[in-house]
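No value in this document is a laboratory result; all are computed from the given coordinates. Treat the numbers as computed from the prediction; the structure is a model and nothing was measured. Please note: Cβ atoms are built from the backbone with ideal geometry, for glycine as well, and neighbour counts cover all protein chains shown.
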Amino acid sequence: MTPEAYCQEKAARSGSSFYYSFLFLPPQRRRAITALYAFCREVDDVVDEQLEESVARAKLDWWRSEVERLFQGIPQHPVTRALAPAIQEFNLPREYFLEVIDGMEMDLNYDAYETFKELSLYCHRVASTVGMMAAEIFGYRDRRTLKYAHHLGTAFQLTNILRDVREDWQRGRLYIPLEELERFSVAPESLGRPHTSDAVRALFQHQEARARQYYRQAFAALPDVDRYAQRSGLIMAAIYLNTLDEIARDGFRVLEHRVMLTPLRKFWIAWRTHRHEKRLQRRQTART
């Protein structure tokens, strides 16, 4: 199996919303973003699938060494071999890859966060740095697009946190800030029960509102000149916002069952968003 095929299989097998946004990219950019996504999945799996903490830390250290080998031009892993052309073609910073690994290691260092300020560092490392690398791959002309990508990455992570509260609790992790649990009079252990009280619902509504605020900040920061280039990020945003809509429509019952969009719906949202952005691009071109 070639490195590119390995990354493609990794992305397709995950069923992630990100995969559907890659379908509308030119081949060169699609290969690069798929390799970046595969890298994130690899290091995330180290923490999620490894029960022995010492082994997980050792594997993350191996990935740090592998990033160094990647930037020295001697990568060993199929994912980093697939990434090698991308770091040259799209100017992907070595520091961002290391920050992603540092973010994954935070899952070994912390099982809860006292404040949102503390949580925001985690979001920056595991999501916003990835968003900024994705923006480099998609292409931009205005550097304000990096601010959009940073906010959008945080928005995605906050959406994941709300969607996955139950699953994360079962893994011994809590990403909703403890001070907010206290403010809404929700005991941490209640997040392990399949019941949605009024207090839990209010807490989750607060998480949803903050995620939506980050989406608004992201869209406000995106310059018109870069909208079409960044259409994959907008496709992801459309899928994630539909997920938030479903969570709210369902009464925030994420402790009772997992809210998911079907693959067909994700593809339809991706196609519809791509078509919308293409129309906007045509109108912008006609005006210039």
Taking a ≥ b ≥ c as the square roots of the eigenvalues of the Cα gyration tensor of the range 110-288, is the shape rounded (a/c under 1.5), prolate (a/b larger than b/c) or oblate? prolate
Would you mind putting 190-197, 201-208, 252-259 in packing order, based on average other-beta-carbon counts within 10 Å, highest first? 201-208, 252-259, 190-197
Checking the cross-link filter: which lysines have an alpha carbon closer than 20 Å to that of LYS266, excluding same-chain neighbours under 8 positions apart? LYS10, LYS278
Net lengthening on full extension, ALA58/GLN76 (0.36 nm per residue, minus Cα-Cα): 4.8 nm
If the reach is capped at under 20 angstrom between alpha carbons, list the lysines near LYS117, excluding any in the same chain fewer than eight residues apart. LYS147
How many nm is it between the label spots at MET1 and GLU95, if each spot is 7 Å from the Cα in line with the beta carbon? 3.4 nm
At q = 0.16, 0.18, 0.19, 0.21 Å⁻¹, what is the log10 ratio I(q)/I(0) for the range 196-288, with the Debye formula run over Cα points and no solvent? -0.76, -0.88, -0.94, -1.05
Computed FRET efficiency, Cβ-Cβ of GLU9 and SER185, R0 35 Å: what is it to the nearest 0.05? 0.15
For the range 245-288 and the range 109-183, write down the distance between their C-alpha centroids in whole Å. 20 Å
For the range 1-92, just say rounded, prolate or oblate: build the C-alpha gyration tensor, square-root its eigenvalues into a ≥ b ≥ c, call rounded for a/c under 1.5, and beyond that prolate if a/b exceeds b/c, oblate if not. oblate
Contour minus Cα-Cα span, LEU51 to GLN170, at 0.36 nm per residue, comes to 41.5 nm
